[in-house]
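One structure is given below, encoded as structure tokens.
Bear in mind these aren't lab numbers, they're just calculated from the coordinates by the rules spelled out. Treat the numbers as computed from the prediction; the structure is a model and nothing was measured. FYI the Cβ positions are ideal-geometry reconstructions off the backbone, even for glycines, and counts take in every protein chain you see.
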Amino acid sequence: MNPKRKQRLALVLLLVVGVSVAVGLALYALNQNINLFYSPTQIVGGEAPKDTRIRAGGMVVEGSVKRDQESLRVQFAMTDYAEEVLVEYTGILPDLFREGQGIVAQGAIDGNGVFQAVEVLAKHDENYMPPEVAEALEAAGKMPKPAEEVFNK
Amino acid sequence: MPEKKWMPRWFYQLASPKWCYQITGKLLPIFAWLALLCLGVGIVWALAFAPPDYQQGNSFRIMYLHVPAAILAQSCYMLMAIAGAIGLIWKMKVADMAAFAAAPIGASMAVLALATGAIWGKPTWGSWWVWDARLTSMLILLFLYLGVMALYAAMENPNTAAKAASILSLVGLVNIPIIKYSVEWWNTLHQPATFKLTEKPAMPVEMWLPLLIMVIGFYCFFAVSLMMRLRNEILRREKRASWVRELIVSQ
């Protein structure tokens, strides 16, 4: 390769590496701000700000969903397998909302440590299967659950 | 001192617009038929014969467009950036033309991925759009494409335009691993990858086989549109070359 080209190749590599390092450092510094939601561990541990609008994510605990008979009010617990947070929400839940499903809720932590949600989104996991397979897995109690690291990065 | 030959012969041959025009002319029908076959088989299989998902029912089928479009948007970006780098380093005109030809195709793939994702997100998540790391980095990819296209359009001289656009696409290259790993580095609403190199896919074979065919079909379709745009661009820029005149006269 002639020296001119060698020099230009070095410049191009320097540009790509330099930009990568700069962006990498910036993203590393912004790490917490890029996360879409706080995990139950962070909320219980006091890392999440109180009385301000935040997002919280976790898995809906089996058997914890309590629906109000008179209104659209619903209460449930969500977990990252380490800690649990109670969530209260009034409104229509997404179709995929069910126990054992990951969700991301937007709202604020009230004085009692309960998360008052104004929006609940279903967090779909990476597992796809036909209904028959799902039924078989359900019967065998082997339904895949969202992994812990999905909520704690 | 004789220069060391460390690049294969075809690499230097590609540098000739005439040779490139001829070889793409031969390859074009092969890829066109492959694209037609794969997309036809894939779409019928995906929409009519693949089983529905246990949770999402039939709405999951949009992934047969969403996933290939997202893969292509990123592959096309890498191709554009690498072609741009070759153009910068070796001053190869054909590489510049390939980068120019790739930009709008990649941009349309990014639009398709974002649009199908939003259409799927509303019934599945309950929201059209969320500012999570995956969705945002994909939107940045689209803006990078638009920036590259704007640079090409803004400059009269194709060589200056290619230089500026190549530098922008190389700067944006860092976004590709960010898109890929966004779901692993940060808490996102978007699910992690269903297909991993080291693990069995979290999807049965009757669901992922049509997806694989669709991905191959999208790659073939991409090759077809890239070659068509590239051939047009070669003719446009080489319009003063004698072989182009002969070609036009002979038709």
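Here are a few things to note about the model shown:
- Helix B:133-154 axis, angle to chain B major axis (alpha carbon atoms, nearest 10°): 20 degrees
- Cα-based shape type of the range B:8-85, given that a ≥ b ≥ c are square roots of the gyration tensor eigenvalues and the cut on a/c is 1.5: oblate
- Measuring how big the range A:49-153 is from its alpha-carbon positions, Rg and Dmax come out at 14.4, 45 Å.
- Over the residues of the protein assembly as shown, the helix contribution to mean residue ellipticity at 222 nm works out to -19000 deg cm²/dmol, using -39500 (n - 2.57) for each DSSP H run of at least 4.
- Extension gain (nm, one decimal) between A:ARG98 and A:GLU132, 0.36 nm per residue minus Cα-Cα: 10.4 nm
- For the range A:79-112, GluC sites (Glu not before Pro) are listed when DSSP marks them as loop and at most 13 other Cβ atoms sit within 10 Å of their Cβ; the list is A:GLU99.
- Near B:MET92, the amide H atoms lying under 5 Å from its own belong to B:GLY87; only residues 5 or more places off or on other chains count, and H is placed 1.01 Å from N.
- Relative contact order, whole percent, for the range B:72-195 stands at 31, derived from Cα pairs under 8 Å and 6 or more residues apart.
- Longest exposed-site-free window of chain B, the sites being chymotrypsin sites (Phe, Trp or Tyr not before Pro) in a DSSP loop that have at most 12 other C-beta atoms within 10 Å: B:7-127
- Degrees, to the nearest 10: B:63-90 long Cα axis against longest axis of chain B: 30 degrees
- Debye, to nearest 20: dipole size of chain A, +1 on Lys, Arg Cβ, -1 on Asp, Glu Cβ: 1360 debye
- Inter-probe distance in nm under a simple model that places probes 7 Å from Cα toward Cβ, at A:ARG5 and A:MET143: 6.1 nm
- Values of log10 I(q)/I(0) for the protein assembly as shown across q = 0.08 Å⁻¹ run -0.55, by the Debye formula with one identical scatterer at each alpha carbon and no solvent.
- What the phi angles of the range B:200-213 give under the Karplus curve with 6.51, -1.76 and 1.60, with θ = phi - 60°, is a coupling list of 5, x, 7, 7, x, 4, 5, 9, 8, 5, x, 5, 4, 5 Hz, glycine and proline written as x.
- Cα-based shape type of chain B, given that a ≥ b ≥ c are square roots of the gyration tensor eigenvalues and the cut on a/c is 1.5: prolate
- Cross-link pairs A:LYS66/B:LYS200; A:LYS123/B:LYS180; A:LYS4/B:LYS180 - those with Cα-Cα distance over 26 Å: A:LYS66/B:LYS200; A:LYS4/B:LYS180
- Helix axis angle, A:131-140 relative to chain A longest principal axis, alpha carbon, degrees: 70 degrees
- Between A:VAL114 and A:LEU72, full extension at 0.36 nm per residue minus the direct alpha carbon distance yields a gain of 13.4 nm.
- Approximating the spin labels as points 7 Å out from Cα along Cα→Cβ, the B:ARG240-to-B:SER59 distance works out to 5.8 nm.
- Projected label points at A:LEU15 and B:LEU27, each 7 Å from Cα along the beta carbon direction, are separated by 2.4 nanometres.
- For the segment B:150-163, counting C-beta atoms of other chains within 10 Å of every residue's C-beta and taking the mean gives 0.
- Estimated FRET transfer efficiency (B:TYR181, B:SER250; beta-carbon r; R0 41 Å; 0.05): 0.20
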